[in-house]
Every structure is written in C-alpha cells, then in structure tokens.
Amino acid sequence: MSNNLLKGKKGIIFGALDEKSIAWKVAMRAHEEGAEFVLTNAPIAMRMGEINKLAEHCNAQIIPADATSVEDLENLFTQAQEILGGKIDFVLHSIGMSPNIRKGKPYNDLNYEWFLKTLDISAISFHKVMHVAEKQDAMNEWSSIVALSYIAAQRVFPDYTDMSHAKAVLESIARNYGYRLGRSKKIRVNTISQSPTKTTAGTGVGGFDAFFDYADKMSPLGNAPADACADYCVSLFSDLTRYVTMQNLMHDGGFSSMGISEDIVEMISK
Ligand SMILES: NC(=O)c1ccc[n+]([C@@H]2O[C@H](COP(=O)([O-])OP(=O)(O)OC[C@H]3O[C@@H](n4cnc5c(N)ncnc54)[C@H](O)[C@@H]3O)[C@@H](O)[C@H]2O)c1
C-alpha cells in the first residue's frame, strides 16, 4: 500500500544483491512510496546481473561503485545528482562483508589483513560515503542517511567475529557524522539494528540457523522480517521522522530488551 511518503524524494541505495537483500526490499518499498533513486553495488556484485531486474522494476539507473573507493563514490554522487536532477534526500548503506567470516576463520585466528578489509567495507565505507556527500554538498536539508547494523555491536555472538567490531565502528560513525551533518545542514544519520535475516550476508555467518531460531524464540514479536525493515527505512527517509538522529534503532521484535523468554525456558527444560 502506498501513502506517497517519499514522493519527490531522490535517493541512493547501496547493497541490493538479489531478491533476499534488505536493500532490494527497501528499493521496492521506496519505489512504491514514490521515490526516485539510483542503485549501486560493487562492480563484482554486478556480475550476477540480478540487480538489472530490480532496476527495471523501479525505473532506476545502476551506477557501479566499490564503497571502499573514494574515487568511485565521488563519481557515484556526481552521476546520481545528474541523473536525478538535483541533490539527494536519502541514502541507504546496506553493505557488509567479512573475508574472515567468509573463509571460516574463528575469532582467535583472524587474518589481520582481512580484518582491516572487514572494517573498510562494512564500516569505514559509511564514513567515506558521508565524507563525499558533504564535500560535494550533495544532500538536501532535512535529508536522511541510514545504515544497517546488528546487535553484535553491543553483545557477544562468537561466530560474528570481526563483523561485531565493524558494526560497533559503524554505529559510532553514525553518531559522529550525525552531529556534524545535523549542525551544518539538518541532515539526520541513524543505524537500524536489524534481526537476523535470511540473506546472502546473513546466512554466511556460522551457526546462522541457530541464532536465527534463538532470536525468534526470544523476541515477543518474533524476528523482524526484511520487508518490515524496508518499511522502517522508508519511515526514516520520510518527513515523519525529521528529529530522529544519531540513534542506533533496534528493529528486532523486542529481542534487545529480553533476558530470557518462556519459549527458551521450555526448550532448555526438555
Ligand atoms: N542478514 C542479517 O541477518 C542482517 C542482520 C542485521 C544487519 N544486517 C546488515 O544488513 C546489511 C545488508 O546485508 P544483507 O543481509 O541484505 O545481505 P546482502 O548480502 O544481500 O547484502 C550485502 C551487500 O554488500 C555489498 N557489498 C559488499 N562489498 C561491497 C563493496 N566493497 N562495495 C559496495 N558494496 C559491497 C554486497 O554486494 C551486497 O549487495 C549489511 O550491513 C548487514 O550486515 C544483516
């Protein structure tokens, strides 16, 4: 159902890889709500070609950019403003990748080169995006920037290894840039801490099924699905949330406030 919440708004959406991607769902919802946007992903991710289907559906252009490359980001913001015919109203950073997780390295045997890559791709890229946007003065006043995080930034999930540090850095960047951009141009910056979600990045984490089920049983509302996350992103891009900034917003069905649930007690007592 559309309420035209994003009518007239222009955006950049990072991270739609396939239909399961959170960014994919956000693009579909943003389109439904009347937004115009460009899609972007790492050149290597384009090879799968899935993103073309989304672009066609949303009438969006695709601009490849490696989010760790300032040069690529400069080109992206310049082109996006040309294509959309003006400054940007919303940005979604939906990017995460850990070579250590991908290659099954445990926490006490991390490859430190890869650790730096994890931080660069999954966290510092968020800083680079805002740095380029600020330098080009590419964002409108009252625009909104959102990145996706996970509760492993605050709590220990052993198999999430170096990504937990990346998420802690990501959330800190949101606060610090949120201050700066809020002061200079009333731009808001937030992270959404999303429930475990069955996507390529999500299911790549060891033991994913166990912590998906655990979180589901622990949360009074159950795990928040990707579609609901897309709704939440749309609300943050809209004018209805203009004074929400520098927050890490839990979108987790209540998980983060729980100690133990009756479902978990029952499971363990069996
Ligand atoms: N799936 C979950 O359980 C879950 C939970 C909480 C938060 N998140 C976060 O949501 C975000 C989106 O992940 P997802 O679950 O939709 O998985 P996904 O695999 O569909 O998306 C990850 C995206 O990051 C992109 N990416 C990787 N390296 C890049 C680079 N150098 N430059 C540009 N893009 C790059 C990938 O191409 C992909 O599109 C990530 O930040 C992830 O950590 C996911």
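Read-outs throughout are calculated quantities, based only on the coordinates presented, and are distinct from any laboratory measurement. It should be emphasised that the depicted structure is a prediction, and the values quoted were computed from it without experimental measurement. Methodologically, a virtual Cβ is constructed for each residue, glycine included, from the backbone with ideal geometry; neighbour enumeration extends over all protein chains shown.
Summary of the geometry: region 38-74 and region 170-220, compared by the centres of their Cα atoms, lie 21 Å apart.
Taking Cα atoms only, the orientation of helix 208-218 departs from the longest principal axis of the chain by about 80 degrees. Using Stokes-Einstein with the Kirkwood hydrodynamic radius over Cα pairs, what translational diffusion coefficient do you get for region 5-132 at 10 °C and a viscosity of 1.306 mPa s, in µm²/s rounded to a whole number? Translational D for this selection: 104 µm²/s. Across q = 0.15 Å⁻¹, region 199-270 modelled as identical point scatterers on its alpha-carbon atoms has Debye log10 I(q)/I(0) values of -0.65, in the order of the q list. Build a GNM of the chain with springs between Cα atoms under 10 Å apart, and of Tyr232, Tyr107, Tyr177 the one that fluctuates most is Tyr107. Highest mobility in the GNM of the chain, judged by mean-square fluctuation with C-alpha springs under 10 Å and restricted to Val146, Val156, Val26, is found for Val156.
Once C-alpha pairs closer than 8 Å and six or more residues apart are averaged by separation and normalised to the residue number of region 10-269, the relative contact order reads 19 percent. With springs connecting C-alpha atoms under 10 Å apart, model the chain as a Gaussian network and identify which of Thr203, Thr245, Thr40 has the largest mean-square fluctuation. Sorting by GNM fluctuation, first place goes to Thr203.
How far, in degrees from 0 to 90, does helix 22-32 lean away from the longest principal axis of the Cα atoms of the chain, to the nearest 10? Rounded to the nearest ten degrees, it is 50. Fully extending the segment from His57 to Glu19, taken as 0.36 nm per residue of separation minus the present Cα-Cα distance, adds 12.5 nm. Here the Karplus relation 6.51 cos²θ - 1.76 cosθ + 1.60, evaluated at θ = phi - 60°, turns the backbone of region 135-148 into coupling constants of 4, 7, 6, 8, 9, 6, 4, 6, 7, 9, 10, 10, 10, 9 Hz, with x for every Gly and Pro. Restriction of the trypsin sites (Lys or Arg not before Pro) in region 159-221 to DSSP coil positions whose beta-carbon has at most 13 other beta-carbons within 10 angstrom yields Lys198.
Computed on the Cα atoms alone, the convex hull of region 101-235 gives a volume of 119 cubic angstrom per residue. Qualifying trypsin sites (Lys or Arg not before Pro) in region 29-130, where qualification requires a DSSP coil assignment and no more than 15 other C-beta atoms within 10 Å, comprise Arg47, Lys103. The largest-to-smallest principal axis extents of the Cα set in region 10-269 are 61, 40, 37 Å. The angle between the Cα long axis of helix 70-84 and the longest principal axis of the Cα atoms of the chain comes to about 60 degrees, rounded to the nearest 10.
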